[in-house]
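For reference, the structure discussed in these notes is given below.
The values are calculated or read from the model by the stated rules, or taken from the named source; none is laboratory data. Computed from a predicted structure; not experimentally measured. Cβ placement follows ideal geometry from the backbone for every residue including glycine, while neighbour counts extend to all protein chains displayed. The accessibility values were calculated without ligands, DNA or RNA, using every heavy atom of the protein model including side chains. Shrake-Rupley method; radii C 1.70, N 1.55, O 1.52, S 1.80 Å.
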Amino acid sequence: MSMHTTQSVPAQLNPIIADAIAQADGWLGFDAFMRLALYEPGLGYYANGSTKFGQMPQGLMDAAGQLQGQGSDFVTAPEMSPLFGQALARQVAQVLDATGTGEVIEFGAGTGALALQVLDALHALGQPLRSYTIVDVSDSLKDRQRERLAAYGERVRWVAELPVQMRGVVLGNEVLDAMPVQLLARVGGVWHERGVAWEAGRLVWADRPTSLRPPVELEGGHDYLTEIHPQGEAFIRTLSDRLEAGAAFFLDYGFPEHEYYHPQRHMGTVMCHQAHRADADPLSDVGLKDITAHVNFTGIAVAAQEAGLDVLGYTNQAHFLMNCGLVEAMQTQPLPERVAAQKLLMEHEMGELFKVIALGRGVDVPLMGFVRGDRTHRL
């Protein structure tokens, strides 16, 4: 665990951000701010010791007046149901078979829940696996992962960045949404890049004119706030440089470009999560809450194709999981487990907002996750 108490995190992180602003002549782009807020060693949200993932926020009282909950900020699909990782593992096994490869690389593994589900399921399927590599920057999360995955011993290893050469399957569940974004604001018909400044001892928004534009022309002249994703797209190019054979699966919330930059989506998609509550103010409680932006899946697909990867499929989470056998697996489960797994599929829960995109090289079989409901043509 980190030595920092949660109360002291903003008090220690804000001066570091203020210093970065001063060194940047009084204005810091939102992407640079987001990087510090999430990843500054020991203090950023993903680099300090606070609990991120779980079913319940801390501080809920049960009927007996006992404090319940794991002190978490949000719940991800693997925490909701082990059937999520089991379904994904069936897709992983298909790719490992088709490519004759034997490694899985998971980027940003959270509590290790997904890794454990995939490892257990691959074992049950009799799928040979040489190694399971976790790429994570958070020491506190790595400790939880090590504990959870201890049974797999030396087969699981941890690295701080994507391996230089990869042959197998790359997994990223809710990874792209945490990559820093640039904010673009059209105000009075003029495009600005929105960043942060330091005034009277606190963080404030600050705009400056820019030549940057969203990737599509936006109709109308109304004020409009949105994001562009150069870092996520650069990550895909790096992935292409290093993936020799296999496929990468990214599961996240987002839209294709024409929906992402819809004229009515004028408030952007940046969101914060703390104690299972969402808010839209990334400048408060810095380091204590997650900051995310939805994924522009068209931008990810274009970056992949330009870098020489194939787009192997794109669909919503419900279609992907059903194609991978989730509904059949639910039939054998007790009712509470079926109800939990149902949330992964329901349109108003995670089934539609969450999408799955597969990118690859040297994969020449149709992927099971996209046999029905593939939407690649709508990117």
Legend entry - Every pair of residues 6+ apart whose Cβ atoms lie under 6 Å, when the first sits in the stretch 254-270 and is within 21 Å of Gly189 (Cα to Cα) while the second is at pLDDT 95 or above and part of a loop (DSSP other than H, G, I, E, B): Tyr261/Pro214; Tyr261/Val216; Thr269/Ala293; Thr269/His294
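Which ranges mark the strands (runs of 3 or more DSSP E) fully within the stretch 288-379 that have 1 or more residues being in contact with a Gly (Cβ under 6 Å, 6 or more places away or on another chain) and open to solvent by less than 10 Å² (accessible area, probe 1.4 Å)?
310-316, 354-361
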Legend entry - Only listed residue being in contact with a Lys or Arg (Cβ under 6 Å, 6 or more places away or on another chain) and of a type in the set (Asp, Glu), chosen from Glu349, Glu306: Glu349
Legend entry - Top-ranked residue in the stretch 277-287 [being of a type in the set (A, V, I, L, M, F, W, C) and open to solvent by 10 Å² or more (accessible area, probe 1.4 Å); ranked as farthest from Arg194 (Cα to Cα)]: Ala278
Inset, instruction - Kindly provide the set of residues from the stretch 202-221 that are over 26 Å from Gly287 (Cα atoms) and open to solvent by 70 Å² or more (accessible area, probe 1.4 Å), ordered by number. - result: Pro209, Ser211, Arg213, Pro215, Glu217, Glu219
Legend entry - First in the stretch 314-326 and without any contact (Cβ under 8 Å) to a residue 12 or more places away in the chain, second anywhere and outside any helix (DSSP H, G or I), Cβ under 7 Å, 6 or more apart: none
Inset, instruction - Take the stretch 225-237 and flag every residue that is farther than 14 Å from Val302 by Cα and either β-branched (Val, Ile, Thr) or in contact with a Phe, Trp or Tyr (Cβ under 9 Å, 6 or more places away or on another chain) (or both). - result: Thr226, Glu227
Legend entry - the stretch 86-114, subset charged (D, E, K, R) and in contact with a Leu (Cβ under 8 Å, 6 or more places away or on another chain), residue least open to solvent (accessible area, probe 1.4 Å): Glu106
Inset, instruction - Within the stretch 122-155, track down each residue that is more than 20 Å from Tyr46 (Cβ to Cβ) and part of a strand (DSSP E or B). - result: Ser131, Tyr132
Legend entry - Near pairs, Cβ below 7 angstrom, 6+ apart or cross-chain, from the stretch 183-201 (open to solvent by 60 Å² or more (accessible area, probe 1.4 Å)) to any residue that is of a type outside the set (D, E, K, R) and not in a strand (DSSP E or B): Trp198/Ala18; Trp198/Ile21
